[in-house]
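*Asks:* Below is the structure I would like to discuss, written out as structure tokens.
The values are calculated or read from the model by the stated rules, or taken from the named source; none is laboratory data. No experiment lies behind these values; they were computed from the predicted model shown. Positions of Cβ are backbone-derived with ideal geometry, glycine not excepted, and every protein chain shown enters the neighbour counts. These accessible areas exclude ligands, DNA and RNA; they are computed on the full protein's heavy atoms, side chains included. Shrake-Rupley method; radii C 1.70, N 1.55, O 1.52, S 1.80 Å.
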Amino acid sequence: MTGRYDVAVVGAGIVGLACALAAARRGLSVIVIDRDAQANGASVRNFGFVTVTGQPRGRVWDRARRSRVVWDEVAGEADVPILQRGLWLPVRRPEAAAVLEAFMATEMGEGCRLMTAEAARARAPQIIGRQTVAALWSPHDLRVDSRMAIPRLAAWLSQRFGVCFLRQTAVQAIEPPRLVTGRGVIEVERIVVCPGDDLTGLFPDHLAEAGLTRCKLQMMRLASPGFDLPAPVMSDLGLIRYGGYANLPEAAALRVRLEAEQGAAIADGVHLIAVQDADGALVVGDSHHDAATPDPFASEAVDQLILDEWRAVTDQPAPAVLQRWIGTYARGLSADLIAAPHPQVRLALITAGNGASTGFAFGEEVIADLFEEALEP
């Protein structure tokens, strides 16, 4: 803590690390402060799925594409394995196939392929079930193990750029150029606060004005299914949750049918993402329930809805459940929040549950805003 830093980042999740990287790449001295001994929130409780395909058209999609590039740039240096690439999205309803056709007609479909069930089954027989009517293949996505990736990214930032990490330390007050912690005062020129889903700690008035809440999700780790998942897998339900599909006019008819046929899943915010770890185990989820203070209890009924969707998509039995957990993240009506409670301070949150997918680009935007610069389009 000795000396003076150019930038302090409060919060060591993916958004905080992204801001630290963006600042460090400018040659700035950076310190990252976090109240926990290691990352313990949404950044390590997710799929590690860097999802480009299906992100909302425009700024968020652009961020996802840029973030995917940064993941590719840093993964090798930081010893973060890219476990899977691409996306398979088999669908079981003609209304869903119509959404995929409309998606392919946009710029977001560039490089993707829309296949018949037979063509998809020839390429990925383990995950293309009998009910499949069409399948989207995208080459644009990648997947890391977030439980491994986040600590390795932090270690790499320390080794490569000299970023200082101060953990198990609470920030008590922000008074530029002073940042007051439980371990003393840090002298710093500029500060970025990345609070995750802590909406009542630092700058609670700004967070309250943004109308944020907290979203709880349920996830599971399953035993190996006995085959290699050719890429992350999604399903019909994702087409009404991901804005790149859901905002297309053709999604309205699909929503009506899904509400009639899978109303319980929609009520619990269930959609399917399935990815595979290096040891063959699957990570599957998830669900979505909003609350100011989400309860810490997982519902077996919700988990069964997720497993039912896996079986319906793949015609494969659900492997044994090895682990269950819940995650929470800040959620708002917009994709993010960048606020300036002080000229030398930025409050920065991703509020759409896609931090792994868009965080690196978002961090670049935050640091540019902090230094009152405009990024090139």
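*Asks:* State the number of residues belonging to segment 308-325 that are open to solvent by less than 30 Å² (accessible area, probe 1.4 Å) and touching a Pro at 6+ places or on another chain (Cβ under 7 Å).
*Replies:* Total satisfying the criteria: 2.
*Asks:* Pick from segment 232-274 the residues that are among the polar types (S, T, N, Q) and open to solvent by 10 Å² or more (accessible area, probe 1.4 Å): which of them is nearest to G48 (Cα to Cα)?
*Replies:* N247
*Asks:* Mind checking which residues of segment 182-199 are farther than 19 Å from A348 by Cβ and either part of a loop (DSSP other than H, G, I, E, B) or open to solvent by less than 20 Å² (accessible area, probe 1.4 Å) (or both)?
*Replies:* Hits for segment 182-199 are G182, R183.
*Asks:* May I pose another question? Please report, ordered by residue number, the helices (runs of 4 or more DSSP H) entirely within segment 232-317 with at least 2 residues that are within 27 Å of R85 (Cα to Cα).
*Replies:* 243-246, 300-314
*Asks:* What's the number of the only condition in (1) in contact with a helix residue (DSSP H, G or I) (Cβ under 7 Å, 6 or more places away or on another chain); (2) open to solvent by 10 Å² or more (accessible area, probe 1.4 Å); (3) among the hydrophobic types (A, V, I, L, M, F, W, C) that F203 fails to meet?
*Replies:* (1)
*Asks:* Something else about it: Which of the residues spanning segment 310-364 are of a type in the set (D, E, K, R) and under 24 Å from V60 (Cβ atoms)?
*Replies:* R331, D336, R346, E364
*Asks:* Mind checking which residues of segment 70-105 are without any contact (Cβ under 8 Å) to a residue 60 or more places away in the chain and farther than 20 Å from A122 by Cβ?
*Replies:* E73, G76, P94, A105
*Asks:* On to the next question. For a quick check of your reading of the model, give me the residue pairs whose first member lies in segment 159-174 and is in a strand (DSSP E or B), whose second is surrounded by 18 or more Cβ atoms within 10 Å (Cβ to Cβ) and not β-branched (V, I, T), with beta-carbon atoms closer than 7 Å and at least 6 apart or on different chains.
*Replies:* F165/A12; F165/A154; V171/L179; V171/L202; I174/L202
*Asks:* Looking for whichever is farther than 12 Å from Q218 by Cβ, in contact with a Leu (Cβ under 7 Å, 6 or more places away or on another chain) and in contact (Cβ under 8 Å) with a residue 60 or more places away in the chain here; the options are A264, A253, A281, A292. Which one fits?
*Replies:* So the residue among A264, A253, A281, A292 that is farther than 12 Å from Q218 by Cβ, in contact with a Leu (Cβ under 7 Å, 6 or more places away or on another chain) and in contact (Cβ under 8 Å) with a residue 60 or more places away in the chain is A281.
*Asks:* Still on this structure: Take the residues in segment 331-345 that are assigned to a strand (DSSP E or B) and touching a Pro at 6+ places or on another chain (Cβ under 8 Å), then tell me which one is least open to solvent (accessible area, probe 1.4 Å).
*Replies:* Filtering first and then ranking leaves V345.
*Asks:* Now, a different point. Could you grab me the full set of residues in segment 1-56 that are among the hydroxyl-bearing types (S, T, Y) and surrounded by fewer than 18 Cβ atoms within 10 Å (Cβ to Cβ)?
*Replies:* Listed by number, the list holds a single entry, T2.
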